[in-house]
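What follows is a short report on a single structure.
The numbers here are math on the coordinates, done by the rules we state, and not lab data. Values in this document were obtained by computation on a predicted structure and should not be read as measured data. Glycine gets a Cβ as well: all are built from the backbone with ideal geometry, and neighbour counts include every protein chain shown.
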Amino acid sequence: VNQDFFKGLSNIERVIVYGHSFYEIDWPYMSEIVKQIGKNKPWIISYHEENDLIHIASFIKAHDLKNVKKFLW
């Protein structure tokens with residue numbers, strides 16, 4: 001993990017995610033973002049099909065994200 005990159009994320013106001021499946025294999029990267037910005041910042045997450053919502057919900061719950069909007073893309 002590139003710690004310098006992730007440490008530079010601390011001033012981010014919101015996260016917008018397009019085309020990411022949120023499978024657990026990708027969680028370390030996304031988890032590091034949560035670690036750097038906190039769980040209260042807004043996340044706006046796209047999904048392509050209903051099945052994606054299962055993976056997104058798992059990530060949200062596991063990371064206790066507080067401010068998430070999802071949209072079909």
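Just how far, in whole angstrom, is segment 33-73 from segment 1-24 if you go by their alpha carbon centroids?
12 Å
What are the residues whose amide H is under 5 Å from the amide H of I45, where those residues sit 5 or more places off or on another chain and H is modelled from the backbone?
Residues meeting the amide H criterion: V17, K69, K70, F71.
For F59, what is the net charge nearby, where nearby means another residue's Cβ is under 15 Å from its Cβ and Lys, Arg count +1, Asp, Glu -1?
+2
Given just the C-alpha atoms of the chain, how large is their convex hull per residue in cubic angstrom?
79 Å³
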